[in-house]
Amino acid sequence: MESAKINTFKFALAAGIYCAFVFFMATLLALLKVGGLVEFAQTLERYYASWGYSVTPRGLLIALFYGFLEGFTHFGLFALLYNQLLCRKEQAR
C-alpha cells in the first residue's frame, strides 16, 4: 500500500483560511453577544491583546490576520512533520 504525501503549501493555505474564518466568526459572534463565543473570544483576547486584537470591529480584521497566521504556521509544520515521518517509514521498508 502506497502512502500519500501531503502537499504542505496547499494544506497550510487551506488551514490558514479555515482558522482565519473561525477567528473572524468567533469575534463577530462575540460582538453580537452569542452565548459561549464571548468566552472564546475573550480567550483569544488574552493571547493576542498585546498584538492589537480585541473584541471590536477593528479586532475582526486582526482576527483574520492572526487566524490565518496561526493556521498556516501550525498546520504547515504538521504537514512537514507528517511527510518527514512518512519518508522515514518508507525508507525503513
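The values are calculated or read from the model by the stated rules, or taken from the named source; none is laboratory data. Every value quoted in this text rests on a predicted model; they were computed, and no experiment measured them. Methodologically, a virtual Cβ is constructed for each residue, glycine included, from the backbone with ideal geometry; neighbour enumeration extends over all protein chains shown. All accessible areas refer to the heavy atoms of the entire protein, side chains included, with ligands and DNA or RNA removed. Shrake-Rupley method; radii C 1.70, N 1.55, O 1.52, S 1.80 Å.
Limited to the range 32-46, what total is found for residues that are open to solvent by less than 90 Å² (accessible area, probe 1.4 Å), out of contact with any helix residue (DSSP H, G or I) (no Cβ under 6 Å at 6 or more places or on another chain) and of a type in the set (A, V, I, L, M)?
First, the residues of the range 32-46 that are open to solvent by less than 90 Å² (accessible area, probe 1.4 Å): 34-38, 40-41, 43-45.
Those left that are additionally out of contact with any helix residue (DSSP H, G or I) (no Cβ under 6 Å at 6 or more places or on another chain): 34-36, 43-45.
Subsequent filtering for residues that are of a type in the set (A, V, I, L, M) retains 34, 44.
Of the residues in the range 32-46, 2 are open to solvent by less than 90 Å² (accessible area, probe 1.4 Å), out of contact with any helix residue (DSSP H, G or I) (no Cβ under 6 Å at 6 or more places or on another chain) and of a type in the set (A, V, I, L, M).
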| request: List every residue pair whose Cβ atoms lie under 9 Å apart, where the two residues are 6 or more positions apart in sequence or sit on different chains, the first residue falls within the range 10-29 and is free of Cβ contacts under 8 Å to residues at least 12 places away in the same chain and within 21 Å of GLY59 (Cβ to Cβ), and the second residue, located anywhere, is of a type in the set (S, T, N, Q) and not in a helix (DSSP H, G or I). | output: none
| Residue that is nearest to ALA26 (Cα to Cα) [pool: residues in the range 56-80 that are assigned to a helix (DSSP H, G or I) and among the β-branched types (Val, Ile, Thr)] | ILE62
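Step by step: first the residues of the range 34-54, then only those that are small (Gly, Ala, Ser) and part of a helix (DSSP H, G or I), then the one that is nearest to PHE24 (Cα to Cα). Which residue is that?
Only one residue fits best here, namely ALA41.
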